[in-house]
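In what follows, a structure is listed as structure tokens, so that the remarks can point back to it.
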Amino acid sequence: MLKHVKTSVLLTLGLLLILVFPTATWAHSKLETSTPAADAKLTESVQEVSLSFNENIDENLSTLKVKNAQGESVEVAEVKVNQNTMLGTLAAPLPSGSYTVEWKIVGGDGHPVDGTYAFEVDAPVAEAPPETPADTEETPADTGNTQDETAPADDTSADNADQTAGQDQQADNTSTPEQSAGSGSTVWIVVIVIVALVAGYFGIRASRKKK
């Protein structure tokens, strides 16, 4: 009889243990949805990663990392936790390539839970805008303006040349009387010298005759 009682007790405890352990396992936090989704192939660039869990998570003990195909970490500028959602903002949009999201959280039961998933980005490369011909058309316009601006300078140079020629002519006209005066003075000096010589000659003859 006692053996049957002990057996029943042991079976009951075993059933309780079987029921308790799965319940404890089911109580752990788990990832429900993500953006980008696992194994997604995106045709546009990505700059945010959002993870949603089945319960609220600890803001200070939850982390998120993004790595490229070479295992190098992509810079995450900011990670925000709002109840059961964790949002990671990347420093720059992701270029085309394969990426892995690594997350680690602590849920309401205090147990740390982590996981990973991958996605791909195949975003088209942005083409450089074509060059506008505006810069090319500006060159003739600038050249025309330069010619217009230099035209008055040429006129001024011509006026200055005319003024210089007029001054030279005035200088020539002014110097002509001086030259004429100089020539006239020379003639008078010669005449005076001749008269003096003639007077001296006759004077000498007159004095000889008196003797």
(request) Look through the stretch 77-100, keep the residues that are without any contact (Cβ under 8 Å) to a residue 24 or more places away in the chain and within 28 Å of the chain's Cα centre (by Cα), and return whichever of them is farthest from GLY110 (Cα to Cα). (result) ALA91
(message) Show me the strands (runs of 3 or more DSSP E) entirely contained within the stretch 63-122 in which 2 or more residues are of a type in the set (A, V, I, L, M) and over 18 Å from SER29 (Cα atoms).
(response) 76-82, 112-121
(request) Tally the residues that are open to solvent by 60 Å² or more (accessible area, probe 1.4 Å) and in contact with a Ser or Thr (Cβ under 6 Å, 6 or more places away or on another chain), restricting the search to the stretch 86-101. (result) 1
(message) If I ask for residues that are under 39 Å from the mean Cα position of the chain (by Cα), open to solvent by 20 Å² or more (accessible area, probe 1.4 Å) and in contact (Cβ under 8 Å) with a residue 40 or more places away in the chain, which ones from the stretch 41-66 would you list?
(response) LYS41, LEU42, THR43, GLU44, SER45, GLN47, GLU48, THR63
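The values are calculated or read from the model by the stated rules, or taken from the named source; none is laboratory data. Keep in mind that what you see is a predicted model, and the values were worked out from it rather than measured. Here Cβ is always computed from backbone atoms with ideal geometry, including for glycine, and neighbour counts include all displayed protein chains. Ligands, DNA and RNA are excluded from the accessible area calculation, which covers all protein heavy atoms including side chains. Shrake-Rupley method; radii C 1.70, N 1.55, O 1.52, S 1.80 Å.
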